Structure formats: structure tokens, C-alpha cells
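Written below as C-alpha cells is the structure these notes are about.
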Amino acid sequence: KERPVLNFIEQMIEQDLAEGKHDGKVLTRFPPHPNGYLHIGHAKSICLNFGLAQKYNGKCNLRFDDTNPEKEDIEYINSIKEDIKWLGFDWDNEFYASDYFDQLYEYAVQLIKAGKAYIDENSAEQISKERGTPTSPGKLSEYRDRSAEENLSLFEAMKNGEVEEGKRVLRAKIDMASPIMQMRDPVIYRVKKAVHHRTGDKWCIYPTYDFAHGQSDAFEKITHSLCTLEFASHRPLYDWFISELDLYPSKQTEFARLNLSYTVVSKRKLKELVEDGHVEGWDDPRMPTLAAIRRRGYTAASIRNFATKIGVAKRDGVSDVALLEHSVREDLNKKASRVLGVLDPIKLIITNYPEGQSEMLPAVNNPEDESAGKREIPFGRELYIERDDFMEEPPKKFFRLGPEKEVRLKYAYIVKCTGFKKNEAGAIEEVYAEYDPETKSGHDTTGKKVKGTLGWVSSEHAVEAEVRLYDRLFATENLNDIDDDFKNHLNPNSLTIKANAKVEPSVGSMKPNTQFQFERLGYFIIDKESAPDKPRINRTVSLRDNWAK
Ligand code: ATP
């Protein structure tokens, strides 16, 4: 289906610009909680916020929404910054909600003085119960009508650390009968005797998300504050604070969050996978975090293209991971050099090739990019081929090797299988073949035609590598539809390690993070923790494209 040229947010911005709103400026922000690593869902929000700023000649701030000190960590702040930069974006200002704590405190005092906030001594459970249900009004708290003076001194005591956690909160006094639950006297400050990673132990009260977010937007004069749909019900409250406190009129607009098939996009759940040891860490290449996706070999361009392709909608859905895979294939097809490698090796011995000899054969680096040039790969009497490229009793349409069958060895010669040897356990150990010297690639004078072409590496020159193949982390397509624990849906076969892969010598000298294609096997990357004596290689994606365009 063709997409309209502008998505609904762009339409809104263009209308605002045409009407001269916000002095013709566009200022967006990306506001992560620093409580985990960013995932592919955040990439959508980053591409949207930074992308709009670029498109409309505006600016985009990075603001850490750091109002929950117990769950936050400097490690997360650093990883978030690294991920945004990797995606190809840079922020105009780096701000922290905690920079505004003094100002937010003043605003709370202002509301109290105006009779629009009060200290409630009920427990969290009681407050939640008395809030009622959307169809019936809530119960007014017995503390709702305290005087401003009393509220001020109680609030100050909270601030000074004289109140235990959970004993008192500050609530905005709005409307306990509102059909919008967020408007039923929301909590705006709570006691937390936690050390904050930026403000230390200066504060023992912290503003809630609702009291910090809109005001932070307003301080920064954010014109378009974009968030995911679950915040739609918070918008009246967002507007209420801005109006009551007479602040810059930032405007909140919601869009559909990204859900991706066969994975979860929730920091809380991803953290659980890390902490329970289901994966090797936040950047385990099976995870949907940006750190993991990068380690797996996805390129920043492929993520940006994916974000463009999924577009921005007002209704939640699940995007197909096949589209993400398609995006990275599309990008790497243009960029990645082709090399030869064998994941599950067996020996192929060319019995009529002179012993002790070898030769260098030219190989094309990238058929999609002539400027990538050629390289030379060694060929000799003993080679490795892929175990499943040989069958003792091949079916008719098996165009690889079997007794008496002929194939071309890529960049080399046509060979004919003359026999094989099994070990005691009955597994094929060696395959024998004869080559035809007249069939050298590029110089073939025989006119012989064969149906199959195989990859290979010279056993004398091969480098041994550990190759990691990844399958989906979960076996269930839509993890929003399940009723039980999401961890029950983990795919037990999401990682396969090929510990004794044999790869052509050029791979041995590749630096960590180098990307390439093993012909016929997929796109790969040298892992960031690869050791020079035994490369560790991650498969980004196989070559088979399941995306129905
Ligand atoms: P999570 O549920 O994973 O913890 P979050 O919404 O708590 O995510 P934040 O750190 O608050 O994470 O997110 C920063 C920004 O990224 C917010 O504006 C949020 O709306 C957006 N965002 C988070 N998840 C997604 C998603 N799946 N799709 C699109 N945007 C997202």
C-alpha cells in the first residue's frame, strides 16, 4: 500500500508552521528514562524526533527523564548516548529532568499556595482504591481540604527528610469525578530516600513522571512533544499543569509504539532476561537492544530505513521482523565484501592435484560494487567443504556433491567426486574428487556445464573460527497476545555455535566489527570481542529473504 507523502505528525507540524505557531520553530526531544539499554522501539522514537528536527530545520534535545533514582544508573546514560550517536544523530542540548528539581519544587509550592495541591497521608493502596473506576466517581480524600499553610509546612517536612517513604504524598487537587483517571488528584511528589546519580542526597522527595515531563518540555520550549499512545490519557494532565503554572505551551502528540514479532520491546522484560541469565547480557546479539543489534551486525542505515518503512501511525500493531532483516540485507548487499567460509567442514581431497602445490585464484570482492576490486585466495589439493554439500546417496535434484557427481568450486575448477571415506562411527570423514585443469574459472575452454557451485577453503591456509548463528529469541510471533509468563516463550534453539568453522585467510586479519558475506551463508560480522588467534564471528542474517514486498 502506498503511504501518504506526509505522516500525521508531519501534517500537523506543517500546519503549525503555516499558521506561524511557536514562532515558526520546531523543537523536539528524545526523553529516555536511564533505567536500561535502548531497544529497537526507542530507535523508532529517535528516528522520529531527530528526523523531524532535521526535516524542518529545527532542533532536538536529549533529555534524561531521571526521576526514579533507584532504577537509574550512569551505565545506562552512557549507553543511551552511544546508541543515539551510532544511529547517526546528535542532540542540540543534553538535559536532565533532575536539572529542574529546584524549579519543580517551586512549582509544587505554587500549586499548594493556589489551593491546587495537598498532602495526603493515606497509603498508596488506599489512594488507588479511593480513585474508583472510570464509570463511578472516586472518593474525596479526608486530607483534601487542608489549608495551604498546613500543606506548605507538611511539604517542607517531606523535603527535609522528616517523613518516611510511603507515609505522605503531594497530590494535585483536580477532579475526583473526572472520567479520565489521571485527573483524579494525581500524586505529584513522593518521598524516596534514595541517592540520585546526579543530585546525590540533596533530595528525599522526587516528582512523578507527570509532574516532571510536561514542565521539562515547557522549560526547554519544546514545540512538539511526541510520545507513545499509552500516554494519551495523560495529555489532559500535561495540559493542566502547563495551564495552571502558565508555562510555555508545549503540545503532546501520541503515536503507535513499535512492537516487533518474535521479541519483546520493554526494558523491564529485557532486564529480566539479562538478570535471569537467559541471555549473555544486554548486548547479546539475540536481544532487540540497539547495543545487541549493532553487535549482531545490523547497520545504522538499515535501522533508519526500517523506521522509515514502518512509518508512523496512530494505531498499535506488530511489525514483522522479516522487514528489519530485509532492510539489513538490502544495505549489506551493497556494502559487504564476499568471502568463502565453511561452517561445518569435511575434507575434500583432489587426488589428481599435485601434492605440495597450491595456487592463488582471483575472486571478486563484491559483484554489486566493482570498486571493491578483487583478492586472491589460495587453492590446493586438500580443501574443506560444507558437510551438507555432500550426500552419499543424493536425491535427484541435489546439485551438490555425491558419488560421480560434478560441481564447480567457486572461483576454481570443476571437480568430479570419485569416492569418500567414513570413520568408525559411520560419519563421512573425507570426500575424494578429481579436477579438470581445463575448467579454471575465467579460462574454461571445455564448455562443460554443471548445475552446482560450492564454497570451499584450502585446508592448509584456512583459519579456524567460532561462528555464532542466531535464531529468533522467542518462538511466539506476537508476545502481546500471551497470558502466561513471556519467558515461557523463549526459543531454546536461538543460538547455535559452530566451534570449528574454517574460513579463508583474509578473514583472519579482519578487525573486530568488520562486516562481510560468507557466500551462500549470509552476512556476518567479526564480534567486538573476537581474539586474533581464533576469530569469533556473528551471523547478522542469512541470505534468504522472507519479506514479501
Ligand atoms: P520501556 O517500556 O521499554 O521501558 P519506556 O517507554 O519506559 O520503554 P523510555 O525510556 O521512557 O522507555 O522511552 C523513551 C522514549 O522512547 C519515550 O518517548 C517513549 O515513548 C519511546 N519509546 C519507548 N518504547 C517505544 C516503542 N516500543 N516504540 C516507539 N517508541 C518507544
Exercise. Using the per-residue mean of other Cβ atoms lying within 10 Å as a proxy for protection, in what order, highest first, do the peptides 294-302, 241-249, 402-410 fall?
Worked result: 294-302, 402-410, 241-249
Exercise. Can you list the lysines whose alpha carbon is less than 19 Å from that of Lys113, not counting same-chain residues fewer than 8 positions off?
Worked result: Lys159, Lys173
Problem set entry | Note, ³J(HN,Hα) from phi for the range 323-330, Karplus 6.51, -1.76, 1.60, rounded to Hz, x at Gly and Pro | 6, 5, 5, 4, 4, 6, 4, 4
Exercise. Put +1 on the Cβ of each Lys and Arg and -1 on the Cβ of each Asp and Glu in the chain; which of Pro32, Phe379, Thr263 then has its Cα farthest toward the positive end of the dipole?
Worked result: Phe379
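Scan the range 26-79 for chymotrypsin sites (Phe, Trp or Tyr not before Pro) in coil per DSSP, keeping those whose Cβ has at most 16 other Cβ atoms within 10 Å, and list them by number.
Working: sites: Tyr37, Phe50, Tyr56, Phe64, Tyr76; in loops: Tyr37, Tyr56.
Filter output for the range 26-79: empty list.
Return the loop-located GluC sites (Glu not before Pro) in the range 422-457 (DSSP other than H, G, I, E, B) with at most 13 other Cβ atoms within 10 Å of their own Cβ; answer none if there are none. The partial results should precede the final answer.
Values: sites: Glu424, Glu429, Glu430, Glu434, Glu438; in loops: Glu424.
Filter output for the range 422-457: Glu424.
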For this session: Rounded to the nearest 10 degrees, what's the angle between the helix 8-18 long axis and the longest principal axis of the chain, both from Cα atoms, 0 to 90?
Result: 60 degrees
Exercise. Along the Cα-to-Cβ line of Ala427, 7 Å from the Cα, sits a label point; which residues in the range 490-504 have backbone N less than 15 Å from it?
Worked result: 497-502
Exercise. Fewest to most neighbouring Cβ within 10 Å: what's the order for Asp16, Asp145, Asp73?
Worked result: Asp145, Asp73, Asp16
Seminar exercise, completed: Computed over the range 344-455, the relative contact order (Cα-Cα under 8 Å, seq sep at least six) in percent reads 28 percent
Exercise. Relative to a virtual label point 7 Å from the Cα of Arg520 in the Cα→beta-carbon direction, which members of the range 340-367 show backbone nitrogen distances below 19 Å?
Worked result: 340-351, 361-367
Exercise. If you plug each phi of the range 213-220 into the Karplus form 6.51 cos²θ - 1.76 cosθ + 1.60 with θ = phi - 60°, what whole-Hz ³J(HN,Hα) values come out, in order, with x for Gly and Pro?
Worked result: 5, x, 5, 5, 4, 5, 4, 7
Exercise. What is the dipole size for the chain, taken about its Cα centre, with +1 at each Lys and Arg Cβ and -1 at each Asp and Glu Cβ, in debye to the nearest 20?
Worked result: 1240 debye
For this session: Go through 133-142, 186-195 and give me the packing order, highest mean Cβ count within 10 Å leading.
Result: 186-195, 133-142
Exercise. Of the beta bridges DSSP finds with both residues in the range 344-455, what % are antiparallel, to the nearest 5?
Worked result: 75 percent
Seminar exercise, completed: Once amide hydrogens are built 1.01 Å from N within the peptide plane, the residues lying 5 or more places from Ser319 or on another chain with amide H under 5 Å from its amide H are Asn259, Leu260, Ser261
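Suppose R0 equals 45 Å; then what is the FRET efficiency for Lys448 and Ala499 from their Cβ-Cβ distance, rounded to the nearest 0.05?
Details: r = 37 Å, r/R0 = 0.83.
After rounding to 0.05, the efficiency reads 0.75.
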Exercise. What is the local net charge at Gln182, summed over the other residues whose Cβ is closer than 13 Å to its Cβ (Lys, Arg +1; Asp, Glu -1)?
Worked result: -1
Seminar exercise, completed: In the structure shown, of Lys85/Lys269; Lys397/Lys451; Lys309/Lys334; Lys374/Lys528, the pairs separated by more than 21 angstrom at the C-alpha atoms are Lys85/Lys269; Lys374/Lys528
Seminar exercise, completed: Which of Lys251/Lys271; Lys396/Lys448; Lys335/Lys405 exceed 24 Å between C-alpha atoms? The answer is Lys251/Lys271; Lys335/Lys405
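By count of other Cβ within 10 Å, fewest leading, how are Tyr209, Tyr413 ordered?
Final ranking by Cβ density, sparse to dense: Tyr209, Tyr413.
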Problem set entry | Among Gly426, Asn513, Leu237 the positive-end extreme of the charge dipole of the chain (Cβ point charges) | Gly426
Seminar exercise, completed: Given backbone amide H placed at 1.01 Å from N, residues whose amide H is under 5 Å from that of Val541, ignoring those fewer than 5 places away on the same chain, are Tyr523
Exercise. Which whole-number percent is the relative contact order of the chain (Cα, under 8 Å, 6+ apart)?
Worked result: 12 percent
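Can you give the net charge of the other residues whose Cβ lies under 14 Å from the Cβ of Tyr206, counting K and R as +1 and D and E as -1?
Working: positive: Lys71, Lys159, Arg168, Arg190, Lys192, Lys193, Arg198, Lys202; negative: Asp65, Asp66, Glu70, Glu72, Asp99, Asp102, Glu165, Asp201, Asp210.
Neighbourhood net charge equals -1.
Coordinate-derived values only; no laboratory data. Please read these numbers as outputs of a predicted model, since none were measured by experiment. With ideal geometry, Cβ positions are generated from the backbone for all residues, glycine too; neighbour counts draw on all protein chains shown.
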